[in-house]
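Structure, as C-alpha cells:
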Amino acid sequence: MVSFLLILFCAIVFPGIIAKTKAKFSGRKGASILQPWFDIFKLFKKGSIFSTTTSIIFQLSPIINFVILIIAVLFIPFGNKFPAFIHFQGDFLLFIC
Amino acid sequence: MNTVILVVFVLSWFTFVFSKKQSYWYIFLLELALWISTSYLAINVLISGNEYVSELISNFYFHPLIIKIDKLSAFFILIINFTSLSSFIYAKQYLAPYLKEKSAFNFALHYFNFFMLNFAMLFVVMLSDGIAFLLAWELMSLSSFLLVIFESNKPDIIKTGIKYLVQMHVGYLFLVAGFVIVYAVTGDFGFEGIKHLVEKTPLIVGLPTNFWIFIVFFIGFGIKAGFFPLHSWLPHAHPAAPSHVSGLMSGIMIKMGIYGIIRILFNLPELNLSIGIFILLISIFTGVFGVMSAIVQHDLKKLLAFHSIENIGIIGIGIGLGVLGEVYHQPVIAVLGWAGALLHILNHSLFKSLLFYAAGSVYIKTHTRNLNKLGGLIKKMPFTAFAFLIGAIAISGIPPFNGFISEFIIYNGFFDGIKQGGLAFPMLMMFGILALALIGGLAMFCFTKAFGVVFLGTARSKEAEHAVEVAPSIRFAEILPIFWIIIIGVLPVYFFNFINSILQERFPLFEFKQLAISNSLKWIGIIGAILWLSIWLFYVIRKLILKRKKVIYADTWGCGYTAANPVTNQYNASSFAANFKRIANPVFVDLSSEITYEDKEVFPVKKSYKTHVEDKVEFKFIMPIANNILHYVKKIAVLQTGKIQDYILYPLLFIIIMIVLTVLNII
C-alpha cells in the first residue's frame, strides 16, 4: 500500500520538479511544481475533436491505457519492508504483459 | 447412449433425400442427438472419474468395436462438440449466398460431411483399437477433404483439396507403419500395444527404440497437427475451405494430431530425454516459424492459418515441458507443462474458431480476403470487429483473456525449471522462455496489423465501403466462444483445477493443491475482473465529462484542404510488415517485384508493385521431392497409350510371365 501511495505522489510532483530544475539551470524562474496538474484541469474543461477515420477504439484506448497503468502500479514493491499491494508467484509476467 | 450413436450414424445417410434448407435442419437434429449423447458420456466420466468402456458393435471386422472414454478423451469430446456446435450454427447463414448456385445435392453432401467429420473426430478420441482408430482417422480426412472443396467449381480449390488429401495420406501411411511396428514387437494392434513396449531393445543410431517408434507416430500425427516442417497443407487448406469449416478444422481437427501425440506419450512405458528435447525444439521452431510467416501474409485467412501453426507450437512447447519434467522427475514442472498444453488446446479451439468466423463474416460481406482491399470495417460491421478484437487479444496472450492463462502456466513451469540444478536442464528452460516471449510478441505485432488494416482506417475498396453487418445467427455463433474466452480469463483457477483432474490419472501421487500457481491464477482472475470494471467505470466518467463539452468530427489530414485522400495515406498490410520482412527474410521466399527508376525518367510513369511471399519449406523442401516423383511417374505413363489393344496385351503378358515363372519353379 505504501508503494502505491508513493508512486501516485511521485506522479503528481515529479514532472513539475523536473521542469522547475531545468528552468533554474537555464536561469529562468520556471512554472510552479504543480503546473502539469493545472494543465490537466485546464484540459478537462475542453471539448474533443475526433477524426471521421477513427472509431471507438481511438476513444477507448486512452482509458484502457490509463487503467492498465494504475493496475500495473499495484504490482510494484518498494524495498524489502513494503511488499506490493498484490503479489503472487509469477506476478511479474502479468506485469510485463 | 450407444444405440443413439449408431442410429444417428445410420440416419445421417438419408440426408440426400432432403431439399437445400431441410437438409440443414435434418443434420442439425442428428448433430444435436450426437452432441447430447456423447457429451453426457464425457461429463459422466469427468464427474465420476471412472473410465467408460462399452461394446458398440460385437463383430466389427472380426473384432468387437469397443469405445473407451477416459478423462483425456472426455475433455476432447467436450471441445469437439462445442466447436462443432458453434460452427454448425455459423454455417447456416454463411452458406446462404450459395443457395442459388449450388444444387440440393451439394448442400446435402456438405452437411452430411460435416456430420461425418464430427462423428469421426469423436471416434478418434474414443477408440483405442488400432484398426478401428485408423478407419475413424481416414473418415476424418475424407470428410474434411469434401468439406474443403465445397466451392469445387474453382480450379484452385480442387488443387488445394487434393494437396491436402495427399498429405493426409502420407501421414496415414506413417500411422499404419507405427501401429504395425508396435504389433510386430508386442502382438497388439492399437494404443494398448504401446503400453507393452519394454525397454529391452537395443539403441538404434545411439537413441533408444522408443524414440524411433515415437518419431514414426509423431510424423503421422504431426502432419495433421501441422508441426514444422510438416505444416505445408495448412496455409492452403484453411483459406480454401468455407469459414465454418476452417474454424472447425483449425479449432479442433488439427488437435486430433495433438491428441494422438499425447496418447502415445501417455501410453509409452518410459519417456526418454531424447523425446522431450525433440518435442520442445521442434515446437519452438514451429511456433516461431508460424508467427513469422503469418506476419507477412496478405490473405486474412492464410494469416490465421499460420497462427494455427504457431499455436500448435505453443501446445507442443507445453507437451515438451511436461515430458522433460517427467524425465527429470520434477512432477511440478511436468504438471505445469501438461496442464498448460491441455488448457491451450481448449483456448486455441475457442479463439481460433472465433477468429475464423469473424474473418468469414468479412469475406461474405466484402468478397475478398486480401488485407489490402479491406479497411474501416469497424463502422460497417461493429460486432464482427468486436469479435475479431477479442479473438486477437486472446490469441496474443494478453490478460485478461484466456490465451494468457495457458501461456502463464507454461511460463511458470519454465521458471520453476530454471531453479533446478545442472546445466542442460536450465538451459533448455531458458530457451523455452525466450521462444515463448518471442512468439507472444510477434503474435501481438501480427494481430495489430491484421486488426488495424482490416477494421480501422478507411476502406481501401468499394466492396469494403459497402459492407454491412452479418446476420444474427452468425453473431450468435461468435458469441458462444467469446463467452468462454472471457469466463476462462476471469475464473482461470476453476479451469486449471478441471485440467488437473484430468492429469490426476497420470500423476496419481501428486498433490495438486500444493501448487503455488493456483493462488496466482486466483489473483489473475481478480485483476481481470478489476480491469473490466474499471475500464467500464472510466468510460462512463469520460462520457459524463464530454457530455457538456463540444465534440467535433472532422477529416484526418483535413487542415482546410479538401482533396486529401485518407485511403492512400494509411499503412497497409505490406508497409506495416516491411521492416519485419527485411529481418525475417530467411524464413520465406520473397517473390516481390521491385520498383526501379531509370536515369532519364524525369516524369515518372505509373508503376506497379507486387508483394508476394511463399513458404520456404514448401518451396525448397516439398516441391522438389514432389517434382522428382512426378518426373518418374511421367516415365511410367508411357504405358498409358490409350489403345485398347495395348491394354489387353498387358494382362496377357502378365499371364505368360506367371506361367513361365511357375514352370521354371521360381515362384
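The values are calculated or read from the model by the stated rules, or taken from the named source; none is laboratory data. Nothing here was measured: the structure is a model prediction, and the numbers come from that model. Heads up, the Cβs are rebuilt from the backbone with ideal geometry, glycines too, and the neighbour counts pull from every protein chain shown. Side chains included, ligands, DNA and RNA excluded: accessible areas come from the protein's heavy atoms. Shrake-Rupley method; radii C 1.70, N 1.55, O 1.52, S 1.80 Å.
Numerical summary
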quantity: For region B:60-90 and region A:1-63, distance of Cα centres in Å; calculated: 57
quantity: Chain B: C-alpha pair distances exceeding 31 Å, %; calculated: 57
quantity: Carbon plus sulfur fraction of accessible area for region B:436-559, probe 1.4 Å, in percent; calculated: 71
quantity: Zone residues, region B:94-122, relative to B:His367, backbone N less than 15 Å from point 7 Å out along Cα-to-Cβ; calculated: B:97-101
quantity: Per residue, the convex hull volume that the Cα atoms of region B:189-320 enclose (Å³); calculated: 101
quantity: DSSP-defined antiparallel bridges as percent of all bridges, the protein assembly as shown, nearest 5; calculated: 80
quantity: Viscosity 1.002 mPa s, 20 °C: Kirkwood-radius Stokes-Einstein D of region B:613-663 over Cα pairs, µm²/s; calculated: 151
quantity: Accessible area (Å², 1.4 Å probe, nearest 10) - B:Val17; calculated: 110
quantity: Largest-first ordering by accessible area, 1.4 Å probe, given options B:Phe538, B:Phe621; calculated: B:Phe621, B:Phe538
quantity: Protein-protein interface of region A:36-53, residues with accessible area decrease of at least 10 Å², isolated chain reference, 1.4 Å probe; calculated: A:Phe44, A:Lys45, A:Lys46, A:Gly47, A:Ser48, A:Ile49, A:Phe50, A:Ser51, A:Thr52, A:Thr53
quantity: Per residue, in Å², the accessible surface of the protein assembly as shown once ligands and nucleic acids are set aside, probe 1.4 Å; calculated: 47
quantity: Within 10 Å of each Cβ in B:529-538, the average number of Cβ atoms from other chains; calculated: 4
quantity: Global form of the protein assembly as shown, assessed from the alpha-carbon gyration tensor, a/c cut-off 1.5; calculated: prolate
quantity: Inter-part distance where region B:116-141 and region B:284-309 are each reduced to a Cα centre, Å; calculated: 28
quantity: Carbon + sulfur, % of accessible area of region B:613-663 - ligands and nucleic acids excluded, 1.4 Å; calculated: 77
quantity: Dipole-positive endmost among B:Leu122, B:Asn627, A:Asn65 within the protein assembly as shown (Cβ charges, Cα centre); calculated: A:Asn65
quantity: For region B:76-130: rounded, prolate or oblate by the Cα gyration tensor [a/c cutoff 1.5]; calculated: oblate
quantity: Candidate lysines for bridging to B:Lys20, where Cα separation is under 25 Å - those fewer than 8 sequence places away on the same chain excluded; calculated: B:Lys92, B:Lys100, B:Lys102, B:Lys154, B:Lys365
quantity: Residue order for B:His231, B:His63 - accessible surface, 1.4 angstrom probe, largest first; calculated: B:His63, B:His231
quantity: Qualifying trypsin sites (Lys or Arg not before Pro) in region B:474-558, DSSP loop, other Cβ atoms within 10 Å at most 12; calculated: B:Arg548, B:Lys549, B:Lys550
quantity: Largest-first ordering by accessible area, 1.4 Å probe, given options B:Ser461, B:Ser608; calculated: B:Ser608, B:Ser461
quantity: Partner chain coverage, peptide A:63-71 - average Cβ within 10 angstrom; calculated: 5
quantity: A versus B: buried accessible surface, summed, Å² (probe 1.4 Å, to nearest 100); calculated: 3200
quantity: Prolate/oblate/rounded call for region B:457-516, Cα gyration tensor, a/c under 1.5 rounded; calculated: prolate
quantity: Exercise: per-residue mean of other protein chain Cβ atoms within 10 Å, B:410-417; calculated: 2
quantity: Environment charge at B:Lys92 (Cβ cut-off 13 Å; Lys +1, Arg +1, Asp -1, Glu -1); calculated: +2
quantity: Centre separation in Å (Cα based) which lies between region B:630-667 and region B:238-255; calculated: 44
quantity: Heavy atoms of B:Ser574 accessible to a 1.4 Å probe, total area in Å² rounded to 10; calculated: 30
quantity: Rounded accessible area of B:Trp35 (nearest 10 Å², 1.4 Å probe); calculated: 20
